[in-house]
Structures are given as structure tokens and as C-alpha cells.
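Each value in this text was obtained by applying a stated rule to the coordinates, not by laboratory testing. Since the structure is predicted, the reported quantities are computational estimates derived from the model, not experimental observations. Cβ: placed from backbone, ideal geometry, glycine included. Neighbour counts: every protein chain shown.
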Protein chains: 2
Amino acid sequence: MLTPEDWTILRKSAILRDLPAGDLAALVDERSVRSIERGQVLFQQGDPARAFFLVLSGQVKLSRVNPGGDEAIVHIYGSGESFAEAAMFLGGRYPVAAEAVVASRVMHIESDALRRKVAERPEIAFAMMASMSRHLKVLVDQIEKMKLLSADQRVAEFLLGLCGEKTGAVTLTLPHEKSLIANRLGMKPATFSRAIARIRDLGVDVTGNQASIRDTSAVLAFVNRSAEE
Amino acid sequence: MLTPEDWTILRKSAILRDLPAGDLAALVDERSVRSIERGQVLFQQGDPARAFFLVLSGQVKLSRVNPGGDEAIVHIYGSGESFAEAAMFLGGRYPVAAEAVVASRVMHIESDALRRKVAERPEIAFAMMASMSRHLKVLVDQIEKMKLLSADQRVAEFLLGLCGEKTGAVTLTLPHEKSLIANRLGMKPATFSRAIARIRDLGVDVTGNQASIRDTSAVLAFVNRSAEE
DNA sequence: GGTTTCACTTGATAATAGTCAAGCGTCGCG
DNA sequence: CGCGACGCTTGACTATTATCAAGTGAAACC
């Protein structure tokens, strides 16, 4: 059940890569892996937080639902990324729900086992802190964008993020359904759709799940433009 | 320069409380404390992150400024709270700027010294992770609120948060200027002002920096009401 | 004491995003 | 093949929030 590719992902993951192979094997085994269908829930908001998770393949979304049923996606994690360390760490309840957005394979690591390992190998603590720090930064970024950028700019910024290091003319594939991206960016699908239509004249084209950018620098300039100019 | 009250704050702070007194003394001394005026900057966005901070008294705001000059306040920390652990930990640059919003006294703890202490006493790592976990949760809360609540609801929710455990009829003092609160809640001062006027009939009154709530449960019901009902 | 400054409020108006609903294309399925 | 289901787009309209600007009151300063 744990393929060689899985082990590669584990060894490369930010949170476990500092663990010697033997310790890693002691922490995880076949039973730690769960295959989940699209739409299946890994844990509900409010469940006791006893483990954290690492995505081996697929995509898992973390979201919060308010009493009225509206959903806010906090983040979507892909292969090699870990989530819920913080909740597991505080030992209370998960403040979000986790649900697979495509068929996925997810490994879970129990709080107790991990705590024992950390006590015995402090370097793991550094890796965990680094991982949590990155999550913090991602959230700070998200807050800033929500407050400072218009819907059009958030969409443009999102596409730039997908480009990674590439600049100039770039073509790319959207990582998931547009309605999910819209929620992630804090807007409605209809607004997302219109935003794409509006940034078309920046040299951005999105057809189906394929996107192309004529020149990343033009898009970057648009994102950095503040409201009053 | 370090008063007995300061030591009490240090010993109670989430991040240092697990440190034995001797180790604490080794980490901090009078030179670690800085008094800063209102408006004075502790560090700029982009400065190399070599330390994290703990507020002894006063208030410090963390904010991001985009190229156009618009500001997004990420959080405001008060006495006993620590910030920038994550940035210090990643060792890159501060992704935000820190500025005193009132005259404050702030202690800074150097990355190198702390790393040595953590290596030697892993339990500190747990305390740091707990602290970072709490910050993560705060940010997740904030994102959810920005996405799911209207301006009026965010203001109501903010006031409820100030009530703490108290329920029923509560009177309280706003922690800082309304324009700062407005920014923190992701809205303009004018919108904040109007929001307060609108929630007046929920039994909420704000005059100057004094606020009173006739019945917290009515306000809570308003916050939990989703858009479509 | 008077003036300046600053934070806040309020009004009129504009921009932005949400709502509701219809229509379109694709995919899967009986 | 034809039928739905679903995700996306688009249009018309509404609601919410921002913008600009004027005005108020209180503290601060000479």
C-alpha cells in the first residue's frame, strides 16, 4: 500500500524530511494510509484533533462552514503537503473540516506517536515549526490579499502564483474546479467568471482548465497597482 | 529596566512559561527591552528576521503595505503576547512591519540564542509550537470572518470578542482607535462608523471608546445569522 | 482663548460584488 | 441515443461597501 513514490514524497516532505529512515518507518506504516473518494470527509469541524495529515496524492480542502451553511475554504493541499499540525498540536478540536476534492491518498500520523518522537529527536520540532511557519505566512498573505486587492486582482494574482518561477509567456493548468478557486479567493463563481473575462485584455486567457498568460510582467503590474491610480 | 511585573508577564507568556527561571534569565536581560513611542517602527516589512518579540506593555500592530500605500493590519498584539516567531524561525525576512500603536515596551529575543535553548531543552519547542498554533487559529478565524460575514456582523463579532467570557449585559472599552479597528476588520472607517449606527437596534451602543451591549445573546444571534435568511 | 489638528460621523454618489435566473456545453448513464 | 446532472457563463438587477467631501466636537498647542 505504500509505494516507492509514497516514500519519496514522505522523505521530501517539509515536516518529515529531517527524520532518519528508521524513525520514519516507526512512525508510519500501511495502516496510516487512507484512500478517500472525491467528496469524502477526512474529519469534521469539531472532531477531536488526534492526528495530522500528509497528502500522498490528490487534493484535500480545509474549510469552515458557518451555521447558515456558507462555506469558506481556508486552503487546498496537494501532494507532499501536510495540514492540521497546529490543531493536533493544541490537542483540542479541529477548527476546520477536511474533505477530498478529488480521489486522494492521505497519510495520518498520530499525535501521541509524534510527540514521543519529538521528545526523543528535537530536530523534528524544528521541521514542524518550519512547516507551521510556512502555513502562517500563507495565511497572512491570504488576509492581505482579501483586504487589499479587488476580485480581478486576486484572480490575476492566483494565476501568477500558479506560474511559480516562470516568467514571460506561460501556459498552465488550473489545479481544480473554478468554483473551488473562486471560494478560495473569497468570491462567488459568477464573480470569478466575470473577473476572468475582464482581465482578458491583460493577455490572460482561460479556456476550460487551461490558462495562458502572454506576459507575466503585465499581470504583475496589474496586481501591484493600488486602488487609487 | 525589567520590573517585577515584567517578569510576571514573561513567566506567564505562552511561549516562555515552560522555561525554568535560570534559563529564562539567560535568554533575556535589560538590554532586550526597548521602549518605543507611538508610531515608532520596530521592524520594517522586508527586514532580515533575526528575533521574535514579546509585548510587555502597550500595543504593537503588524501590518502589510502594498506598493500603492494601502495598509492591511494583520493583527494587534497586547501585553504578554508574542509575535514574529514564525518569521524568525524561517530565518528569512519579516513579511510584515511592526509598529507601536501606543507607547509600548517590547522585549526581543534573538533567533540564535533561542535556537540554542531549544536544542538543549526540547520542551520549549512544544511551547513555541503551541504559540504558533494559536496564531494559526487566529488567522484562520480571521479569514473565515472576512469571507463569510458582512461588515455589520464583523463589527458585532469584534465587540463580542472583547466581552470575553462575559454574557448578558456588558460594558467595555475599545482597545484602540476606531480607524485601527476598522482596518483590522477589513473595512474603511466610514463603513465602521455606519456599521455601529446600524447595529444600535441590537442593543449595542458605542460612544467614544466606551461600548455597551444590552444582551450578548442577541448580538451572537445576529453574527451567526447567515446571509440568506 | 483661540486656533489647529485629529478622529470620527454623515451625506451623496460611485464602484464593486452578490443574487437570481436563464442558457450552454460536456460528461456520464440508462 | 437522449436525458439529466453539473459546472460554467452571462444578463439584469440589487445590495454592500468605498469614495469624496463636508461638517462636528474634543483635545492639544501656542
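Hey, how many Å between the Cα centroid of segment B:141-183 and the Cα centroid of segment A:14-59?
Comparing the Cα centres of segment B:141-183 and segment A:14-59, I get a distance of 36 Å.
Taking the Cβ of residue A:13 as the centre, find all other residues whose Cβ is under 15 Å away and add up their charges (Lys, Arg: +1; Asp, Glu: -1).
-1
In percent, how large is the relative contact order of chain A, given Cα pairs closer than 8 Å and 6 or more residues apart?
Values: 362 pairs, mean separation 44.6, N = 229.
Once divided by the residue count of chain A, the mean separation gives 19 percent.
Please compute, over every Cα-Cα pair in chain B, the percentage with a separation greater than 21 angstrom.
Numbers: 15765 of 26106 pairs.
Roughly 60 percent, once rounded to a whole number.
Using only alpha carbon pairs under 8 Å that are at least six residues apart, calculate the relative contact order of segment B:1-125 and give it in whole percent.
Values: 241 pairs, mean separation 43.7, N = 125.
The value is 35 percent.
If you plug each phi of segment A:53-58 into the Karplus form 6.51 cos²θ - 1.76 cosθ + 1.60 with θ = phi - 60°, what whole-Hz ³J(HN,Hα) values come out, in order, with x for Gly and Pro?
Each residue of segment A:53-58 in turn: 10, 9, 7, 8, 8, x Hz.
Could you work out the mean projected area of the convex hull around the alpha carbons of segment B:79-120, in square nanometres to one decimal? Can you show the working numbers first?
On the way: hull surface 14.7 nm².
Average projection, Cα convex hull of segment B:79-120: 3.7 nm².
Could you pull the Rg and Dmax for segment A:143-226, using just the Cα atoms, both in Å?
Both quantities, over Cα of segment A:143-226: 11.6, 30 Å.
Among B:165, A:157, B:144, what is the fewest-to-most ranking by other Cβ atoms within 10 Å? Present the calculation step by step, with values, prior to reporting the outcome.
Values: B:165 4, A:157 18, B:144 21.
Ordered by Cβ neighbours within 10 Å, fewest first: B:165, A:157, B:144.
Kindly provide the trypsin sites (Lys or Arg not before Pro) of segment A:101-185 that DSSP labels as loop, not H, G, I, E or B, and whose Cβ sees at most 15 other Cβ atoms within 10 Å. Let's see the in-between values first.
Working: sites: A:105, A:115, A:116, A:117, A:134, A:137, A:145, A:147, A:154, A:166, A:178, A:184; in loops: A:166.
Passing sites in segment A:101-185 are A:166.
Taking the Cα atoms of the protein assembly as shown, what is the range of coordinates along each of the three principal axes, in descending order and whole Å?
In descending order, the Cα extents are 58, 54, 44 Å.
Semi-axes of the equivalent ellipsoid for segment B:52-181, please: Cα gyration tensor eigenvalues, times 5, square-rooted, ordered largest first, whole Å. Kindly include the intermediate steps, with their values, before the conclusion.
Values: eigenvalues 161, 67, 49 Å².
The answer is 28, 18, 16 Å, longest axis first.
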